[in-house]
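What follows is calculated from the coordinates using simple rules that are stated; it is not laboratory data. Keep in mind that what you see is a predicted model, and the values were worked out from it rather than measured. Using ideal geometry, Cβ is built from the backbone for each residue, glycine included, and neighbour counts are taken over all protein chains shown.
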Amino acid sequence: MKILHESKGAQVLHAALESGVELLYLSPLVDVYPSNPIRGGIPLMFPQFGDSGPLRKHGFVRDLQWNLVAETQDTDSKNLSYVLDVKATAFPEWPFDAALRFDVRLSLQTLTIGLSVQNTGAQAFTFTGGFHPYFAISSRKDILLNGLDELPFRDSFPGTNAYELNADGLVERQYVGNAEIRFYNGSNWLKITASGFDSWMVWNPGTAGAKKISDLPDDDWDQFICIEPIILAEPKTLLPGDAFNGEMVVSVC
């Protein structure tokens, strides 16, 4: 088992299971663009998913330094926890108080990640977001994604791009609802489940989109697919003192 992580954004960069299966993709250009959010691994999105509101894309917590409060290892697992206190005075564009915690457990065949958000202020707030994992693949032409077919969906660019998972074009589809996913990454079947979220987003920039992303090699669009458990269909509102808990579990079938 091997896990690499970074305090900026509390981001998991690599997660390799006991069998040697590497679950995540990380762009080789991250060091070339150190001021950018880290492309790859598992970014955290809060308090906004994408461009769904007035804040910067995917919110601001992925740009902040989190505090590592626990890191332990035994024969069967590696565990770590990060925390972040968001103060209303620090972000005029989002003037609320919140306490965030990100927990990671990597065991022999399973990666479990959890995000908790507590409203520590005197005002209610609403947020969207979630996890943005970049799953490593052998090639898009090889992958299979089962379990989402029965859910209603919305394409971000309807009429512009056909949704073809195994082709080389942009895919950006929100599946509304929850489901157990069976995902073949070209080498292994993975089971992906989530709780606390209302949607799954499937994203890959394709050949044309990759050329517009400075910190992604042009050909690396074919090395990952993002399968993201998110809050987006119904933004979550937390009253003072309330808390949200979301979790994603990835295991080898």
Checklist outcome for this item: Given Cβ charges of +1 for Lys and Arg and -1 for Asp and Glu, the option among T72, A88, I143 whose Cα lies farthest towards the positive end of the dipole of the stretch 52-189 is A88
Checklist entry - At what distance in angstrom do the alpha carbon centres of the stretch 45-74 and the stretch 94-161 lie from each other? => result 11
Checklist entry - If you put +1 on each Lys and Arg Cβ and -1 on each Asp and Glu Cβ, how big is the dipole of the stretch 143-253 around its Cα centre, in Debye rounded to 20? => result 120
Next on the checklist: Quick check on the chain: helices-only [θ] at 222 nm, where DSSP H runs of length 4 and up contribute -39,500 (n - 2.57) each and the sum goes over total residues. Nearest 500, please.
Outcome noted: -500 deg cm²/dmol
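Evaluate the charge dipole of the chain about its Cα centre and quote only its size in Debye, nearest 20, assuming +1 on the Cβ of each Lys and Arg and -1 on the Cβ of each Asp and Glu. Numbers along the way, then the final one.
Values: 19 positive and 31 negative charges, 49 e Å.
In debye, rounded to 20, the chain gives about 240.
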Checklist entry - Taking H as built 1.01 Å from N, whose amide H comes closer than 5 Å to the amide H of F224, not counting residues under 5 places away? => result I137
Checklist outcome for this item: Projecting the Cα atoms of P47, V30, A10 onto the charge dipole of the stretch 1-95, where Lys and Arg contribute +1 and Asp and Glu -1 at Cβ, the residue farthest towards the positive end is P47
Item to check | Given K211/K236; K2/K57; K141/K236; K87/K191; K87/K212; K2/K236, the pairs whose alpha carbons are separated by over 32 Å | outcome: K211/K236; K141/K236; K87/K191; K87/K212; K2/K236
Checklist outcome for this item: When the chain is treated as a Gaussian network with springs between alpha carbons less than 10 Å apart, the largest mean-square fluctuation among T110, T128, T89 is found at T89
Item to check | Which of Q174, F244, N119, positive extreme of dipole for the chain (C-beta unit charges) | outcome: N119
Checklist outcome for this item: Candidates F157, F102, F135; GNM for the chain (alpha-carbon contacts under 10 Å) flags as most fluctuating F157
Checklist entry - Non-local amide H neighbours of W66 (under 5 Å, H modeled in plane, Pro and chain starts lacking H): which ones? => result K8, G9, A10
Item to check | Residues Y134, Y184, sorted so that the one with the fewest Cβ neighbours within 10 Å comes first | outcome: Y184, Y134
Checklist entry - Could you give me the ³J(HN,Hα) list for the stretch 120-126, computed from phi with Karplus coefficients 6.51, -1.76, 1.60 and θ = phi - 60°, whole Hz, x at Gly and Pro? => result 9, x, 9, 10, 5, 9, 10
Next on the checklist: Using a Gaussian network model on the chain with a 10 Å cutoff between Cα atoms, which of P158, P217, P240 fluctuates the most?
Outcome noted: P158
